[in-house]
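Trainee: Just passing along the structure, written as structure tokens.
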Amino acid sequence: MAIKVGDRIPAFKLKNQNGSEVYSASLIGDKNLVIYFYPKDDTPGCTKESCSFRDAYEDFLELDAEVIGVSSDDEKSHKKFTEKHKLPFDLLADSKKTVRKAFGVPGNLFGLIPGRVTYIIDKQGIVRSIFNSQTDPVGHIAEAKKVLKSLK
């Protein structure tokens with residue numbers, strides 16, 4: 001069952017691009033969160049989306065938010081992707097797609113392509129907005145900033 005606006009994010013633990021474990025419980029409390037699920041490292045749409053989050057990263061910090069990307073790629077792929085594009089935030093390896101399933105991120109094209117969905121989460125771990133668009137990777141950034149401004 002997919003989480004909805006007003007729900008608390010599910011508990012999870014995944015490794016980042018450096019092999020360090022990241023716990024959802026440790027993310028809640030200090031900052032708002034922007035967690036974006038994307039299909040695959042180094043593909044055109046995913047690169048455009050991730051680099052757009054990178055280019056707006058200072059804006060997110062000013063809005064008291066941390067950005068985190070999640071895909072089913074492994075840590076090695078994430079490491080290469082973050083270094084190649086100088087991404088200043090964590091990418092989490094959800095190789096078994098357990099976190100994607102816990103959030104209820106839908107697949108597109110008959111489930112063949114993992115969905116592209118962004119969750120904006122407040123400091124209490126409550127989902128404040130969900131933006132789902134496979135074809136508008138840059139729209140995720142604008143929507144996240146708009147929602148975060150409304151939380152201030």
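Trainee: Go through the stretch 97-117 residue by residue and tally those that are free of Cβ contacts under 8 Å to residues at least 60 places away in the same chain, exposed (fewer than 15 other Cβ atoms within 10 Å of the Cβ) and not in a strand (DSSP E or B).
Mentor: 5
Trainee: Would you confirm whether or not the stretch 118-139 contains a residue that is charged (D, E, K, R), in contact (Cβ under 8 Å) with a residue 40 or more places away in the chain and out of contact with any helix residue (DSSP H, G or I) (no Cβ under 7 Å at 6 or more places or on another chain)? Walk me through it before giving the result.
Mentor: Restricting attention to the stretch 118-139, the residues satisfying the condition of being charged (D, E, K, R) are 122-123, 128, 136.
Next, from what is left, pick out any that are in contact (Cβ under 8 Å) with a residue 40 or more places away in the chain: 122-123, 128.
Narrowing further to those that are out of contact with any helix residue (DSSP H, G or I) (no Cβ under 7 Å at 6 or more places or on another chain): 123.
Yes, the conditions are met somewhere in the stretch 118-139.
Trainee: Quick check on residue 84: is it part of a helix (DSSP H, G or I), without any contact (Cβ under 8 Å) to a residue 40 or more places away in the chain, more than 16 Å from residue 24 (Cα to Cα) and of a type in the set (Lys, Arg)?
Mentor: On the way: part of a helix (DSSP H, G or I): yes; without any contact (Cβ under 8 Å) to a residue 40 or more places away in the chain: no; more than 16 Å from residue 24 (Cα to Cα): yes; of a type in the set (Lys, Arg): yes.
When the stated conditions are applied, residue 84 does not pass them.
Trainee: Residues in the stretch 47-78 that are part of a strand (DSSP E or B) and of a type in the set (Ser, Thr, Tyr): how many?
Mentor: As a first pass, look at the stretch 47-78 and keep what is part of a strand (DSSP E or B): 65-71.
Among the residues that remain, those that are also of a type in the set (Ser, Thr, Tyr) are: 71.
Count: 1.
Trainee: Modelled with pLDDT under 95 and in a loop (DSSP other than H, G, I, E, B): is that true of residue 19 in this structure?
Mentor: Values: modelled with pLDDT under 95: no; in a loop (DSSP other than H, G, I, E, B): yes.
Taking the combined requirement at face value, the residue does not satisfy it.
The values are calculated or read from the model by the stated rules, or taken from the named source; none is laboratory data. Predicted model, so just to flag it, every value in this text is computed and none were measured. Quick reminder, even Gly has a Cβ in these numbers, built from the backbone with ideal geometry, and neighbours come from all protein chains shown.
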